[in-house]
Structure formats: C-alpha cells, structure tokens
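Notes follow the structure.
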Amino acid sequence: MPDLVNLTIDGRAIQAAPGTLLIDAAKHSGIEVPAFCYYEGLTLQAACRMCLVEIEKMPKLMTACTQPVAEGMVVRTETPQVAAARKSMLEFLLANHPLDCPVCDKGGECELQDMTFRYGAGESRFTEMKVHVDEKQWSPVVFFDNPRCILCYRCVRICNEGMGVGALGVINRGVVSEIAPNMGDHLECDECGMCIDICPVGALTSGIYRYHTRPWEMQHVGTICTHCSNGCKTTLGVRNDEIIRGNNRDRSGINGEFLCIKGRYAFDFYNHPERLTAPRMRVNGKLEETSWSQALAAVAAKFNEVRGSGGKFGVIGSNHTSNEENYYLAKFARKVLGTGNIDHHRTGDVHGLLDALSGRTGKLATTEDLYQKKAVLVIGADLALEQPFLSFQMRANYRHHQAHVYVVTDGPVREDNYAAASVRGTADAVEALRDRLKAEPELVIVFGDAVKGDGVRRLVDFGESLGIPVGYICLVDYANSRGAVDMGLLPDAGGLALPEMLAADDLDVLWVVGANPGKPQGSPFTVVQEMFLTETAQAADVVFPAASAYEKNGTVTNVCGEVQRLRKAVGAMGTKSDLEIMGLLAREMGVAAELGPWVPDTVFAEIRKTVRGYDIPLPVLEMGGAAQTAALNGRVPLDGRPELIRSAHDNLFTSGTLGRYSKVLNSVVESHGNR
Amino acid sequence: MLYNEPHPLETRVLSRRFGKPDSASLATYLADDGYKAFEKAAAMKPEQIIEEMKISNLRGRGGAGFPTGMKWSFVPRTSPKPKYIVVNADESEPGTCKDRLLMENDPHQLIEGALIAGLAVDAHAGYIYIRGEYRYLIEITDKAIAEAYAAGYLGKNIRGTGFDFDLYTHTGAGAYECGEESALLESLEGKRGIPRIRPPFPAVVGAFQCPTVLNNVETYCAVPAIIRDGGAAFAALGVPKAGGTKLTCLTGHVNRPGVYELKLGFPVKTMIEEVGGGILGGRKLKAFIPGGSSCPVLTASEVEGLTMDYDSMAKAKSMLGSGGVVIMHEDTCMVKAALRIMRFYAHESCGWCIPCREGTTWIRKLLQRFHDGMGQRSDIALIGDLAKNMLGRTFCPLGDAAALPTISIVEKFYHEFEDHLNGKPCPFEAAPELVEA
Amino acid sequence: MTFSAELENRFARLLNSYPPGRQRSAVIPMLLYAQDEIGSVTPELIEEVARRTGVTPLQVDEVVGYYSMLHKKPLGKYHVQVCTNISCLLRGGMELWEHACRKIGVGHKQVTADGRISLEEVECIGACSWAPAVQVNYDFHHFVTPEKLDQLIDSLRKLQ
C-alpha cells in the first residue's frame, strides 16, 4: 500500500491514495461534488464544468474530476465563487434545453433538475430562439430527444468503453453537436439500453417506459434477472401490480450499472396474453381450464396411486425456478415419490468441475474476480453475446487494470478486440498459451459446454500445472442452472436422465416443473407447471399455471455460484409459485409433513444446513448482496453423464422458451438473424 | 509571391529571403547559409541545442508565448517511445497571416527548424499540420520536402550525421480549434478536434501517445537563426525575457496593411503611423487588437507608450498573441465588431464543454439582436456577464478567446451599446466603408 | 470505390506516412482529397475511408460534421468563399459578401441552378493583410473590390 496523501476538503482532513481524483476523494468522505460528464469507471471528459472547485494556490477554479489529490492540497467545494460558477453553467445548459420537465420521463430523477434546484438556477435570462431538432426513434427501445441532451458523452462512453460496441458517436460541431447512432438513422447494437440509464437527463428514453408513469409513482423492487446465468440485479419499477420498467440506476448488486436487453426489458413476458392463468386438465383428449382444487386432487390421486403400486416416476426440474423450489422438488422426488429419475436441462459441466476440484478450496472464481484478477482465459464461449455481464466485467478489468485476456474459441469474438492473445481452435489449443499463462501472476479460467467430462479434468490439470493461483468458472445458460445442479436435480446412480425419461415407454408419471423438454414418447401421466402452454404443456394431462421469477421470493445461484435473493415484484392473477404448487400437492397427497413447510425462508434455512457450500452468511443476502457458495470438498458421488450436457447458446436476443414470449426481444432488428 | 514591400524599420531575420527570386527553392536557401544551422546543431549535444534555445528567449509564436527552450526540455529524451516533431501550421486566428508567408517564401527554413528540434529531442519523424484552406502551401511544402530528401537534408543519415528524419505534411479540413495544440494532435490522429485533458502535456504524451514537440511555424522558423548566430544574438534583438523579432500582420484600417518583421518591443504608435502608413483616410484610431481577435481590445488612449511585447501588453491587460494586429478607426461600430468576433467563436466552438458551446452562441444571438436594433438596456450587462461566466471556466482557451474581446468591448465602448438602444439603427452603418488599395 | 490513379497514389503515400497501426490519421486528408475529386462526402466515401483506415463508418461520420470544409452536399464546380471576419469586415468584406450574393444569385452554402458556382461566407482564411479576400476553390484573391469580384465571377462563368 503506497503512502496516503493528506489533503483538506471543506475543512475536513482527508487521506486518499495517490492518484485518486479529487471528486472521488470528496465523495468517499461524504462530500458530493456535482458533475454530469464524470462517471466512475469511464474516461474523463471535463466537459460539463460542474465540478469546478476552489483549490488554494491555483489561479482559477479547477475541475475536481481531472485533478488528482496532492499532499497538502486545500480544497473548497461550496464557496460563493464555486456556487456562482455552477449556477452559471446551469444557466448555459438550460439556454437550449427545453423546459418540458412536466412531460419528460426523467422528471423526478433528472440530475439536471436536481442541480437546478440545488443552485437556484430556475430563472433564465435567455430570450433568444432555442436550437431545436425533432425527436428520433433509434430502435424499439431507444428514443433520442436531442434538445434535451447536455452532451455529457456518458452514453457514447458506456457504449464504446463499457460495452465494446461503439454504436454511438458525436456528429457536427459547436452548439449543433449531436449524439448519433451507428446506422445513420437507427441503431444496430446490443440494444442493452445502458445509454438510457446512464443519461443524466431525458435525452435518451426507453421505448418501453416512456410516457407511462413518473418515477415517484412506482415502487422499486430489486430482484434478479431470470434470463441468463449471470445473476444481474434488476430493479423493477412497479405500479398497480404492473412492471413498468427494469433498470439498475442505483448501481447496486454485483452488476453495478450493467444490464443487457434481457435484464432491462425482457421482463415483459410476464403479462404476455398467452400467459396461463388457470389450471388445465385433459378432458376427452382436450386440455380444459379447471379449478385449482380439482387439478390438485387429480394429480395427488394419481401420484398416490402410482406411488402405492410401485410405479415409475420421472421428474424434470427447471433452470429458472428458485433454489427453494429445486430443493423442494428434489426432496419430493427422492423422499416421497421414491425415485432417482430426476434431472434438468444441463447446460454446463458444473458437476464435473466441482468433482475435478475436490480436495481444493477457494477455486471458484466470482464475477468480481473477472474484474479484479490480472488475467482471464476464455475457452469456447462468445461471452459478449452469451454471458454479457461476465464480458462486461472483463472489459472493465482490461480498461481499468490492463488485465490480460486470452481467448480460445473456434471463431471470432468481441474479446479479440483487446485480447492479449486469441487462439482459434478447440479447448486443447490452450497448450499454445501455456508459457504466457505461466508468466501471469494469477488467472481465471472461464469455459463453456465444449469442455465437459474428461475435458474438465484435463483443463483443471492444465490450470493447476501452471503454478499460479487459478480460479474457474463453468458457464451455464440460465438464471438458476447452477442452483439446479447444486440442489440435486440430477439423476441418482441408475436413475434416468432427461432424454431417457422422455424416451422411456414405461414411465407412469412424468412431472415437469418449469421446463420445456418436449413431448414424451411414451404415454405417462404428465403433469406440467408452466407459465405458458409450451410444447410440453400441450401434451400434458394436467397443467398448473406457475408464477414467474418476478412474482415470487426465494434465492437463485448464478454461474459463479453466487446466491442472491429474488424479491416478488408483482402478482400474476391465477398463478402460484412452483413452491406453493408443490406444497399444496404434498398436502393434498398427505405427505406435507415429510417435506416441511413450503415457505421460501424455511426451505432456504434447510438448504443452508444440508446443501454443501450453501452455509452462506444471511446478512449478505438480506442486504441485497451476493454470497458465494463454497467449493465442494471431496468427490461428488453423482454420475454426471457429461455427454448429456448441451448449452442452448442463447444470444442477447434469445432466452430459451421464455424468450419467445418477450415482445422486446422479438421486436429489435438484431433478433432477426444476421448477427 | 505574396509579400509586401519591406519597410526600413523592419528587422528582417526570419523574412530575410522574402522577395528574393525563387526564394522557396533549396538553391536560394543554400546560397543564404541554408542548412548550416542544422550542420552546426548536429555537432552539438542535444542539451546544448536546448540551452541555446533557452538563451535566445524565444517564446512560442502561436499566441501563448511559452518559452520554447523550456518546452523542448520537458520532452523525456531518453524515453523508449518514439518522439515526434509537430509543426502547427493551422494558422487561423483572425487577423493573422504570417505563417502563410513563411511557408510560401521560405519552406526550407521551416524544415531546417523542425530538423534541429528533432536533433534536440531525439525525434526522427515530423508532421506539418497545415490548415485545409492553405492547399497551395501543402504543394509548396511537399515540393520543398522532396527537394530536401533529394539533396539528403531529410531521410536516412542526413548529410552523413547519422541522424534520420522523415517529414510529412498533413492537411486539416477547416477547424479553428485545431490550432489548439492538443486538438491539433487529435485531428492529426484522425479524430474530431477536441482538446485533450492536460496534464499530461504533449511534451510527454503527444502525437500517437508519444512525447512530442509542438510549435508554431514562426517558432520553428526562428530556430535556424538562433543556432546559426547564437541564442544571445537573437535574444538581443528583443526585450528582456522575450528575444528576437515578431512577424506582425497589420490589418484593418491602415494605409499599408502587410506583414512586417519587427523587433519585440517595437512601439505600437510607430508601427501604426510609420510602418502601417497611418490610419486609413486620415481618421483617428478608435480601437486596437494587438494579436488576433482573441485579445482584449485596446482603446486609442491605451496605445500611448505601448510596445509590441509580452510584458507591455500584459500590463495593458491585453496580449501580444499571434501578431495579428487589427486596427479600427473612429467610424467603426464596436457592437458590430464584437458581433463579428463572437460569430466566429460560436462557429468555431468545438461544442465539447458547456460554457463555450452555449455561451458563444447565446452571446452571438444576443449581439445580433442588439445590433439589429432590438436590444434592451439590460442586454448590455448580460453580454458582459455571460462572457465573464465563460472566462476561465471553459475546457480550453477558446472560451477565454471569445470572452476576453467581448468583455473589453462592453467595458470600453459601453456608450456605443447605449447608442444602439431602442430601435435606433447602428450609428455607424451610414458611414461609407472605405475600400482602398 | 475507385478513384483516379493520382488520388490512389496520394492515399498510398498518406497511409504510409503515419506510424504502424495509426492509419486512422489518414481519415481527414483522405476525405478532403476525395471530396475534391468526387464533389462531396458521400455515404459510399465514408464507408470506403472507414474500410481503408480500419475504423467504423460512424467514426468517419463524426469527423465529417466537425470540419467545416467537408460537406455531404455537392457544391458548385467553383466554390466562391468570401471572408467577412474582422480584418476583412473592416475593409468592406461584408459589402463584398452581399455583392457576391446578388451577383451570383445564391446565398450562403447555396449552388447556382446549373451547379457551376456555389457561395459561402467563410471565417478567416488567413489573408487579413490583403483584405478583403475571396477564395475560389483553393485559389486566393486579395484586395477584392465589387468590380474585381464581378470580373472574377464572369470569368468563372466562361470557364469550362
């Protein structure tokens, strides 16, 4: 640790690491220096001139966003001179800014509004004609109202630096300078909407949210995105039991400001018109709506009958349901139904990795490690499209810490743009990088579904032979793919795996919870818990309408094994959470006592006690944080069946079956191929 | 060839070959001690070259007046990175037309200056950034560069000294802001001419992120004379702390407009009366801009005892600037002058920072309305107030360049603004503009 | 896109004059020289320059709007630029500008119907001591009077 620098800000003695920017040093000691263009983690602009402060011995006001701290520096951030300068900046800004706050989406959470209020710059001396340009729509999700733009360049930088996309630029000069999209009149990009949330004013607005409500009329519920496995926190804006928007403006959660199109917009499957709102039962060959009590009674009777007769069950769990639900289902299957035929759509060889790492601790890398560690090796994955937050972390690591990124893929990927080395080939091509990797002080290895079974063991052997600390991330597809493995949604020794269950002609019951594996080839009594009438549900005998992740409480585990809380944002009429459906079914069957209460917190308490690695600190979760599960120690007894592992390689605009029901994902041009 | 008749009061050092037959040719240059300074410098230690530059008291001729020797000494000579020489030939400060003459009449002097700078900081490549409008100068310079290569004054192992140096021209495409050194570097790298955050300064992180010496054309053109005749001789031509001569562009209402090379410290009155041949039409002097439109405007009374050098101008609360002298006689409308100056800065503001982008356009609109006879009394104070709100708070000096003349005109010619009030037409508009010469 | 051999030569020289990996430096010169040849900065030209210099078309477009000599609309074969900045203003530059508008019959950044002559009121072109000044394409004309301007325009009209 280098010696700290001593300085004084507003009379307070402060210490900061050398090189710290004054604006950050002030912030860390509780002094807010206002700024529009400054944004932590992005390049410096010094364009908005709002952060001007007085520094002793300097002839004029200095920008706190570009001034590093210096020993003995004496700074004043709120003198009359400073306040006057800021007020004048606001007056300049408001000269051409339309005063349409009453109809602007940003009203109420606008940084310009806040600053104008703070510095009393509400009156304008501007009586000339304002520069006006008409509003433009750049994509289904991005609208741009140029007159409101204050040219802070945050959008340009987040797109270029943060996302590595570079779809936004600045055209023209002077007072008519304007932010412009890459395709002239529209955007072709990741459609992540980062530019909208980072906009301090109402220049960039969301096609989904605009003109729907005011920020203060919503409740803001921080939960975890239910699409990919990265586990980004998304804050859902809810009004009248309706989700109006998703964002992460408060930068809480593991993902900070990051969200992709799915996290920000693709919550919209939840009120799709085809959403199931009542149980259905097959009557005379047709699925017809019925009551919960009738449906539950019918399923319970069938389950008890098959159980009593020693019949054969098959149970398929989900990649999207909560840990509690997965745990409860696994327990239900093994303890009540007495079956080891239990599985889910496996998308990465997590099990193989845990097995290969047995006997070692601290080998699982976190999302934070991707930002902090000096080197990252990516094998067989197009991270920017398939694991966007992991990709974002690595790019930030490269920009901020000059991390070395190595890529081994069969085709070009976005990481090539800044990679220390890119190798085209299969996983075994890592050998070519051995000497360079050995020279790194530490490494995180990220691998996709191309590495499984023995491949994982070989990769771990490779990693451990480098002689440096190595952490691993096994990529999986969906929000709780990792949790499904951890909760034991895997076949027992001798049990049937997913494709075998579908192919079996002797199953008496097939129970599918939150998955769409397809129609079974035999004719088991099929029970499906689903949000939509999927192909699997259409073939079912009973369908229970299930709640989505945004309609329930619980926990999920992301790709790195980090556990986070789902929080219920809305209720969907007629649906119940999968946990409640299973609980009610157990009660109806008379076996509820064996399974315990179907209350998420109670189930989670049991998970913490019984699932290895899940004895995680509760306060972290309660504060909305992510708690990493510990790596398992000791051989994993299950048969992993790695040959069954297959990632769907969903990109930014697909999300398995769920993606079909998102209006936004299907509306952007990028989702129509040619990417 | 573009040059005016020399005046006896001139001291021709940089312009000594102006008007000679075929003055731009290598032959003419060589016949007049050309490239002797380079050969002398090649035998000197780099520290000695820089020391000689410091002794010469040469200050940057682009407008800011930073001591050149000191600037060169900031370059980390031993850095493993390549070092570059960049020539700022983006002459676009209104009132300034001297670099054009230096390049048109004597391109080899510039090349030699750049070469010596290369020796001093161990740079082996240079770029001459020439404003797009000066296309014919690119042709002249390219021709001179080709001549120099052919004669072994550029390229590998120049004249057997073991020193390699490549020199290229690079065209701008119309942007005043690219005359600001860091914006110029951005433009040289193929980007919008937005200035960079400093520090780091170009001497450390300049062209292509490498250490760079960046000076104005006239600055480089002074280098051969300094090395050839010694820094002390150059320093002796000027005043303490500012050595040598300055190419001064007399423009506006004088009888003999032109570019004259005058010793630093030359009396302004003599310059106007003698060198410039007096005020057009025998009228009285009203206002005087010493060095391009970004300098605060001086009144006739302030010109008394004033000399053309940095300290004297600073004492008068103006600047020596680029040498673009603008002379305005008694029938000049100062509101119109302020408007035209602000129109320029509003047009040229790069738009990067708020106060300059919004301030210049706001004041331009205000002055236009005011000059059109739709002003109010409160507007006068507002113009000055807005300019003061820009001053010292913008990202680069363009904001100050716009604010300073405006503030000075509002303060010193307040009564002319009053005369425009309440729908009255411009009191000067009726006076016929004299177009002579 | 194809350009004249001379321009291709110039491009090749340009791309060679910057350090390795710094070919983006050629963007502005390439745009200006190509514009001289084809008349304006077309979308195809933007794509072409982007391709040859290894940047995105957006990065080229950012530059086009910034530099006042680059223009997306075609100008006249003879582009008449009248300076009205301070030094020219004092020597009758504004009157000369107004005269030019009347004489040519078009206004700022407009082109005559036959596409031959266009007019622009420009900022300082560095001819302050020889004001008022006019530039036709890249040629300077100094101490221009309304009468001299008339002759100049007339001669342009006669030129092929």
Residue that is out of contact with any Phe, Trp or Tyr (no Cβ under 8 Å at 6 or more places or on another chain), modelled with pLDDT of 95 or more and crowded, with 22+ Cβ neighbours inside 10 Å, where the choices are A:VAL599, A:VAL513, A:VAL603:
A:VAL513
Output for segment C:84-116, where each listed residue is away from every other protein chain (no Cβ under 13 Å), surrounded by fewer than 24 Cβ atoms within 10 Å (Cβ to Cβ) and not in a loop (DSSP other than H, G, I, E, B)
C:CYS101, C:ARG102, C:LYS103, C:ILE104, C:GLN110, C:VAL111
Which condition number in (1) facing chain C (nearest Cβ under 10 Å); (2) outside any loop (DSSP other than H, G, I, E, B) is the one that B:GLY132 fails?
(2)
Here the residues within segment A:384-440 that are assigned to a helix (DSSP H, G or I), surrounded by 14 or more Cβ atoms within 10 Å (Cβ to Cβ) and among the charged types (D, E, K, R) are A:GLU386, A:ARG395, A:ARG399, A:ARG414, A:GLU415, A:ASP416, A:ASP428, A:ARG436
Members of segment A:334-349 found to be out of contact with any Leu (no Cβ under 9 Å at 6 or more places or on another chain) and not in a loop (DSSP other than H, G, I, E, B), listed by number:
A:ARG334
Please report, ordered by residue number, the helices (runs of 4 or more DSSP H) entirely within segment B:163-254 with at least 1 residues that are in contact with a Pro (Cβ under 9 Å, 6 or more places away or on another chain) and more than 9 Å from chain C (Cβ to nearest Cβ).
B:181-188
Which is surrounded by fewer than 24 Cβ atoms within 10 Å (Cβ to Cβ), away from chain A (no Cβ under 13 Å) and under 24 Å from the mean Cα position of the chain (by Cα), of B:ILE341, B:ILE407?
B:ILE407
Taking segment B:392-404 and keeping residues at the interface with another protein chain (Cβ under 9 Å from one of its Cβ atoms) and either out of contact with any helix residue (DSSP H, G or I) (no Cβ under 7 Å at 6 or more places or on another chain) or not basic (Lys, Arg) (or both) leaves B:GLY392, B:THR394, B:PHE395
Of the residues in segment A:58-87 that are of a type in the set (Ser, Thr, Tyr) and surrounded by 14 or more Cβ atoms within 10 Å (Cβ to Cβ), the one that is farthest from the other protein chains (Cβ to nearest Cβ) is A:THR77
Helices (runs of 4 or more DSSP H) within segment B:37-107 that include 3 or more residues touching a Cys at 6+ places or on another chain (Cβ under 9 Å), crowded, with 22+ Cβ neighbours inside 10 Å and at pLDDT 95 or above:
B:98-105
Go through segment A:441-474 residue by residue and tally those that are basic (Lys, Arg) and part of a helix (DSSP H, G or I).
2
Name the residues in segment A:29-57 that are within 11 Å of another protein chain (Cβ to nearest Cβ) and surrounded by fewer than 20 Cβ atoms within 10 Å (Cβ to Cβ), would you?
A:THR43, A:LEU44
Could you please give the count of residues in segment A:135-162 that are assigned to a loop (DSSP other than H, G, I, E, B), away from every other protein chain (no Cβ under 14 Å), in contact (Cβ under 8 Å) with a residue 12 or more places away in the chain and not β-branched (Val, Ile, Thr)?
3
Considering (1) at pLDDT 95 or above; (2) within 18 Å of A:VAL485 (Cβ to Cβ); (3) surrounded by 20 or more Cβ atoms within 10 Å (Cβ to Cβ), say which one A:THR339 fails and leave the rest.
(2)
Between a first residue in segment A:509-533 that is of a type in the set (Ser, Thr, Tyr) and a second residue that is assigned to a strand (DSSP E or B) and surrounded by fewer than 24 Cβ atoms within 10 Å (Cβ to Cβ), which pairs have beta carbons less than 8 Å apart while being 6 or more apart in sequence or on different chains?
A:THR526/A:VAL509; A:THR526/A:VAL542
Top-ranked residue in segment B:410-430 [being under 24 Å from B:GLY292 (Cα atoms) and of a type in the set (A, V, I, L, M, F, W, C); ranked as nearest to the other protein chains (Cβ to nearest Cβ)]:
B:PHE428
What number of residues within segment C:71-83 satisfy the criterion of being surrounded by 18 or more Cβ atoms within 10 Å (Cβ to Cβ) and free of Cβ contacts under 8 Å to residues at least 40 places away in the same chain?
1
Being surrounded by fewer than 24 Cβ atoms within 10 Å (Cβ to Cβ) and either at pLDDT below 95 or of a type in the set (A, V, I, L, M, F, W, C) (or both): is that true of B:GLY282 here?
yes
If you go through A:THR290, A:THR226, A:THR234, the only one that is surrounded by fewer than 24 Cβ atoms within 10 Å (Cβ to Cβ), in contact (Cβ under 8 Å) with a residue 12 or more places away in the chain and of a type in the set (Val, Ile, Thr) is A:THR290
Give me the residue from segment A:215-251 that is at pLDDT 95 or above and among the basic types (Lys, Arg) and, out of that set, farthest from A:ASP268 (Cα to Cα).
A:LYS233
Within segment A:372-382, identify whether any single residue is acidic (Asp, Glu), crowded, with 19+ Cβ neighbours inside 10 Å and in a loop (DSSP other than H, G, I, E, B), and answer yes or no.
yes
It is to be established whether one or more residues within segment A:547-562 are at pLDDT 95 or above, closer than 19 Å to A:GLU289 by Cβ and touching a Lys or Arg at 6+ places or on another chain (Cβ under 9 Å).
yes
Against the condition within 14 Å of another protein chain (Cβ to nearest Cβ) and touching a Lys or Arg at 6+ places or on another chain (Cβ under 9 Å), how does A:TYR119 come out, does it pass?
yes
Please give the number of the condition B:SER312 fails out of (1) crowded, with 24+ Cβ neighbours inside 10 Å; (2) of a type in the set (Gly, Ala, Ser); (3) more than 7 Å from every other protein chain (Cβ to nearest Cβ).
(1)
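The values are calculated or read from the model by the stated rules, or taken from the named source; none is laboratory data. Quick caveat: nothing in here was measured; it's all calculated off a predicted structure. Because the Cβ atoms are built from the backbone with ideal geometry, glycine has one as well, and the counts that use them run over all protein chains shown.
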